[in-house]
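Student: The structure that follows is given in the form of structure tokens.
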Amino acid sequence: MSLQNDISLDARKILLINDKGNYTIPTNGLYPFQWNWDSAFAAYGFAQFDIPRAWKELETLFSAQWINGMVPHIIYHQVDDSYFPGPNIWKGIGPIPSSGITQPPVVASLMKKIWELDTDYGNDQIRLLFPKVLKWHRWFMQWRFQEGLVFINHPWEAGRDNAPDWDSALAAINPTGVAPYKRRDTEHVNPVMRPTKSDYDRYIWLVQQGRECKWNADWLRKNSSFKVADPAMHFILLRANRDLRLIGINLEEDISEIDSWIASLEKGASKLWNTSISSYDSFDLLNFNFAGSISSASFMCWYAGLYDKRMLTHYDRIMKKVKYGMPSYDPESKRFDRKRYWRGPSWAIMNMLIGFGLEEVGELKRASLLKAQTNRAISENGFAEYFDPIDGSPAGGNTFTWTAAVWLGWAKTMGGANGFN
Ligand code: GLC
């Protein structure tokens, strides 16, 4: 059997090891509960060999949906104190103990792909999920959308926890009154690969702020101390709406509301363009400044269906500097840190989304280079949480669900122009 087939068997094993029956954990120890976008990727991974299990994953995720439509970023199906912050710190207000924020809405797009793999089986499932996903997207448009931009109320909401994009917005927060706490992440992973204490104090301070208002979405929209428009969130939601629209048409649902969201998000996208760095960038809605960040989020425009050729120059420049996929941050920036989480490492999920976008706009050579580099990172170094983009060394947690899912759903077949640089 070829090496690639062996890796595919290992990838399935990772999903099964992390499978808790109705949901999948990202990895044992470091992340022992259900995470929102991790679960969507897990479902896509399962769909490559077990379609019913894929739908079960999404169903479980939506069983935690709040009355206001939000789908939380962490769901604590079983409560234990192995993780910080746990449900008693968050005090989420949904039907299942949870955090109080959400994560990038990749569900609609991955759900559509899963459905396309077996439309007969998926028909009932997608019909059940459609109104729930619609309600979640409506929540975004109502509570996380302002001046044409999708914003986050917490760095963890972006899923790119310690990206340099949030540095100046976080620095403007004075985290006095943070109750003493003990981190658990640094018990599992070398601290140089994790966020700093200064960041962590502010993360927890923001959690306290949300908890104190009982996660009142209206209050947070007006008063949160952290409101940053994130290109990845914006582009992922735009893409998710396009896919939800197509699903809606198929189900003969009214899609006029989705059409209006798509129009607003398309219009707003141009405001994320920072002319001083010629790139899509994060924008701080409280302090009215751009972050000055060229990051993996900036390249999500193609995935959103915007064939913006201006980003190709940065893409080629950055890809010349790396061998293991798109780094989470521009390697030519002073803030680039090749080992530290979202400040430099390459993440398989981001590579896949950017790769989907490149394939769809017809940039096939560029897409296959990204796929080949992701394939190489995993083939050489296993199912790490993330990789050093320059030498490929594995970083963060291991036996990671979403890295295995990306292998099965995308990176295992190199196809096309198959070019390493
Ligand atoms: C980290 C990542 C986030 C992910 C979670 C679980 O917090 O930044 O994107 O969802 O881990 O894997």
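Condition check ((1) among the aliphatic types (A, V, I, L, M); (2) closer than 21 Å to Asp185 by Cα; (3) touching a Gly at 6+ places or on another chain (Cβ under 9 Å)) across all residues:
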{"position": "Leu3", "(1), (2), (3)": "yes, no, no"}
{"position": "Pro32", "(1), (2), (3)": "no, yes, no"}
{"position": "Ser39", "(1), (2), (3)": "no, yes, no"}
{"position": "Ala47", "(1), (2), (3)": "yes, no, yes"}
{"position": "Met70", "(1), (2), (3)": "yes, no, yes"}
{"position": "His73", "(1), (2), (3)": "no, yes, yes"}
{"position": "Gln78", "(1), (2), (3)": "no, yes, no"}
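Student: Still on this structure, please answer the following. Can you tell me how many residues within the stretch 110-124 are in contact (Cβ under 8 Å) with a residue 40 or more places away in the chain and either buried (at least 24 other Cβ atoms within 10 Å of the Cβ) or more than 23 Å from the chain's Cα centre (by Cα) (or both)?
Tutor: So the answer is 6.
Student: Does Asp19 satisfy the condition of being within 16 Å of the ligand (Cβ to nearest atom), modelled with pLDDT of 95 or more, surrounded by fewer than 20 Cβ atoms within 10 Å (Cβ to Cβ) and of a type outside the set (A, V, I, L, M, F, W, C)?
Tutor: Numbers: within 16 Å of the ligand (Cβ to nearest atom): yes; modelled with pLDDT of 95 or more: yes; surrounded by fewer than 20 Cβ atoms within 10 Å (Cβ to Cβ): yes; of a type outside the set (A, V, I, L, M, F, W, C): yes.
For Asp19, the condition - within 16 Å of the ligand (Cβ to nearest atom), modelled with pLDDT of 95 or more, surrounded by fewer than 20 Cβ atoms within 10 Å (Cβ to Cβ) and of a type outside the set (A, V, I, L, M, F, W, C) - is met.
Student: Which of the residues that make up the stretch 312-331 are farther than 18 Å from Ala158 by Cβ and assigned to a loop (DSSP other than H, G, I, E, B)?
Tutor: Lys320, Lys321, Val322, Lys323, Tyr324, Gly325, Pro331, listed by residue number.
Student: Now for a different question. Any chance the stretch 160-171 includes a residue that's surrounded by 24 or more Cβ atoms within 10 Å (Cβ to Cβ), in contact (Cβ under 8 Å) with a residue 40 or more places away in the chain, touching a Gly at 6+ places or on another chain (Cβ under 8 Å) and basic (Lys, Arg)?
Tutor: No; the residues of the stretch 160-171 include none that is surrounded by 24 or more Cβ atoms within 10 Å (Cβ to Cβ), in contact (Cβ under 8 Å) with a residue 40 or more places away in the chain, touching a Gly at 6+ places or on another chain (Cβ under 8 Å) and basic (Lys, Arg).
Yes or no, residue by residue, for (1) modelled with pLDDT under 95; (2) out of contact with any Phe, Trp or Tyr (no Cβ under 6 Å at 6 or more places or on another chain); (3) surrounded by fewer than 24 Cβ atoms within 10 Å (Cβ to Cβ); (4) of a type in the set (Gly, Ala, Ser):
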position: Glu257; (1), (2), (3), (4): no, yes, yes, no
position: Ile262; (1), (2), (3), (4): no, yes, yes, no
position: Asn274; (1), (2), (3), (4): no, no, yes, no
position: Leu285; (1), (2), (3), (4): no, no, yes, no
position: Phe290; (1), (2), (3), (4): no, no, yes, no
position: Ser295; (1), (2), (3), (4): no, no, no, yes
position: Trp302; (1), (2), (3), (4): no, yes, no, no
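Student: Another question about this same structure. Here's a check for you: in the stretch 5-16, which residue that is modelled with pLDDT of 95 or more and out of contact with any helix residue (DSSP H, G or I) (no Cβ under 9 Å at 6 or more places or on another chain) is farthest from the ligand (Cβ to nearest atom)?
Tutor: Here the residue is Leu9.
Student: Another question, if that's okay. Could you tell me which of the residues Ser39, Ser99 is surrounded by 24 or more Cβ atoms within 10 Å (Cβ to Cβ), more than 18 Å from Ala348 (Cα to Cα), at pLDDT 95 or above and within 15 Å of the ligand (Cβ to nearest atom)?
Tutor: None of the other options fit; the residue is Ser99.
Student: Among the numbered conditions (1) in a loop (DSSP other than H, G, I, E, B); (2) crowded, with 24+ Cβ neighbours inside 10 Å, tell me where Lys334 comes up short.
Tutor: Among (1) in a loop (DSSP other than H, G, I, E, B); (2) crowded, with 24+ Cβ neighbours inside 10 Å, Lys334 violates only (2).
Student: I would also like to ask the following. Could you identify the single residue in Arg183, Arg221 that is farther than 18 Å from Gly86 by Cα and charged (D, E, K, R)?
Tutor: Arg221
Student: Follow-up. Tell me the helices (runs of 4 or more DSSP H) entirely within the stretch 156-229 that contain at least 2 residues that are touching a Phe, Trp or Tyr at 6+ places or on another chain (Cβ under 9 Å) and either among the hydrophobic types (A, V, I, L, M, F, W, C) or away from the ligand (no atom under 15 Å from the Cβ) (or both). Before the answer, list the steps.
Tutor: On the way: elements: 167-171, 185-188, 197-212, 217-223.
Hits in the stretch 156-229: 167-171, 197-212, 217-223.
Student: Would you point out the residue of the stretch 61-83, among those that are within 16 Å of the ligand (Cβ to nearest atom) and surrounded by fewer than 21 Cβ atoms within 10 Å (Cβ to Cβ), that is farthest from the chain's Cα centre (by Cα)?
Tutor: Applying the filter and picking the extreme gives Ser82.
Student: Counting only residues that are at pLDDT 95 or above, more than 19 Å from Ser295 (Cβ to Cβ) and not small (Gly, Ala, Ser), how many does the stretch 399-421 have?
Tutor: Narrowing the stretch 399-421 to residues at pLDDT 95 or above: 399-412.
Retained after the next criterion (residues that are more than 19 Å from Ser295 (Cβ to Cβ)): 399-401, 403-405, 407-412.
If we keep only those that are not small (Gly, Ala, Ser) too, we end up with 399-401, 403, 407-408, 410, 412.
Counting residues in the stretch 399-421 that are at pLDDT 95 or above, more than 19 Å from Ser295 (Cβ to Cβ) and not small (Gly, Ala, Ser) gives 8.
So that you can scan it fast, the table gives a plain yes or no per residue for (1) within 16 Å of the ligand (Cβ to nearest atom); (2) of a type in the set (Lys, Arg); (3) within 26 Å of Leu246 (Cβ to Cβ):
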{"residue": "Lys309", "(1), (2), (3)": "no, yes, yes"}
{"residue": "Thr313", "(1), (2), (3)": "no, no, no"}
{"residue": "Tyr324", "(1), (2), (3)": "no, no, no"}
{"residue": "Arg343", "(1), (2), (3)": "yes, yes, no"}
{"residue": "Gly362", "(1), (2), (3)": "no, no, yes"}
{"residue": "Ala372", "(1), (2), (3)": "no, no, no"}
{"residue": "Asn381", "(1), (2), (3)": "no, no, no"}
{"residue": "Ser393", "(1), (2), (3)": "no, no, no"}
{"residue": "Thr401", "(1), (2), (3)": "yes, no, no"}
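Student: Quick one: Phe33 ticks every box in (1) closer than 16 Å to Ser98 by Cβ; (2) more than 15 Å from the ligand (Cβ to nearest atom) bar one, so which box is it?
Tutor: (2)
Student: Of the residues Arg138, Arg144, Arg160, only one is closer than 22 Å to His73 by Cβ, touching a strand residue (DSSP E or B) at 6+ places or on another chain (Cβ under 7 Å) and basic (Lys, Arg); which?
Tutor: After ruling out the rest, the residue left standing is Arg144.
The values are calculated or read from the model by the stated rules, or taken from the named source; none is laboratory data. Keep in mind that what you see is a predicted model, and the values were worked out from it rather than measured. Because the Cβ atoms are built from the backbone with ideal geometry, glycine has one as well, and the counts that use them run over all protein chains shown.
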